[in-house]
Amino acid sequence: RLVNGTSSCSGTVEVFYRGEWMGLCSSWWDMSEAKVSVRLVDGAGLCSGRVEVKSNQSWASVCEADFDRQDAEVVCGELGCGAPAALQGGLYGGGEGQTWDKEFQCKGKESLLLDCDTSDRKINTCLPGNAVGLTCSEPDDVRLVGGGSRCAGGVEWYDQGEWRTVGVEDWDQEDVAAVVCRQLGCGSTVSVLPGDTTRGFRVSCSGSETLLRECSRHYDLRPGLTVICVLNQAHSQAISIDKHCNFQRGTSRSNNGSAVKW
């Protein structure tokens, strides 16, 4: 996108990468990079819609015949989404206006669509109304490790092919923990514990985000975060942590009389 300009066609260049809008260093940017970008439109969100590419200030739909699974993997990755889940012509409308006149030849490992090779069509196989629609899965890019269950442990984020520790400032701990528990479907936060000596890239959230990738990411290192989440109030009341952060084991009763062990 272009921000802080006088119109939608001017401003500071920002790229949505792994959950956040980021500026580009001028040394990374020249006219070849200004030529092509990609978006998904008329879908349910950032990760689904009709594939459109922008070239020389004009958006154009992409024909189904010119776009395959490997191309889709690159687009989903560029937008910070998970793997392609559905790829079909006309899935999000047939497209209006211009149609992209080249065939993408991605290998599936490129970081950006503009890094992929393209070729001219040898035969016009693009049927009217057959613009390709793409649905990317939501990324399963957050986990809690070392806590004995998927809803407890140190927070890690999958980034650039590896799991990395998430670090936070003291005042951001509760907000980040709330987003992590929400994304994992683990309910609310019971406790936020000091992390170990491992440090990770800093993340800050408002606490209202649905996914951790919607939070701000910073490249300075902070202590790791350990979180305990619970799905209901009965479990929350059943967990006790002493001042040394050790779990106290026992049994209590939930509202319906069933035993809750910890």
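Out of the residues in the range 37-69 that are under 16 Å from the mean Cα position of the chain (by Cα) and not in a strand (DSSP E or B), state the one that is farthest from Glu214 (Cα to Cα).
Among residues in the range 37-69 that are under 16 Å from the mean Cα position of the chain (by Cα) and not in a strand (DSSP E or B), the one farthest from Glu214 (Cα to Cα) is Cys47.
Quick one: in the range 145-194, of everything that is in a loop (DSSP other than H, G, I, E, B) and among the small types (Gly, Ala, Ser), which residue is surrounded by the most Cβ atoms within 10 Å (Cβ to Cβ)?
Gly187
Being modelled with pLDDT of 80 or more and farther than 16 Å from Leu144 by Cα, is that true of even one residue in the range 242-260?
For the range 242-260, residues modelled with pLDDT of 80 or more and farther than 16 Å from Leu144 by Cα: absent.
Among the residues of the range 156-167, is any more than 22 Å from the chain's Cα centre (by Cα) and at pLDDT below 85?
no
Return yes when Asp120 is in the same structural domain as Asn56 (by the TED database), at pLDDT below 85 and either touching a Phe, Trp or Tyr at 6+ places or on another chain (Cβ under 9 Å) or acidic (Asp, Glu) (or both) and no when it is not.
So Asp120 fits the description; yes.
Six or more apart or on different chains, Cβ under 7 Å: which pairs go from a residue in the range 43-60 that's farther than 17 Å from Phe104 by Cβ to one that's loosely packed, with under 10 Cβ neighbours inside 10 Å and not charged (D, E, K, R)? Could you list them?
Hits for this filter: Gln57/Cys9.
The values are calculated or read from the model by the stated rules, or taken from the named source; none is laboratory data. The structure presented is a predicted model; accordingly, all values stated were derived computationally and were not measured. Because the Cβ atoms are built from the backbone with ideal geometry, glycine has one as well, and the counts that use them run over all protein chains shown.
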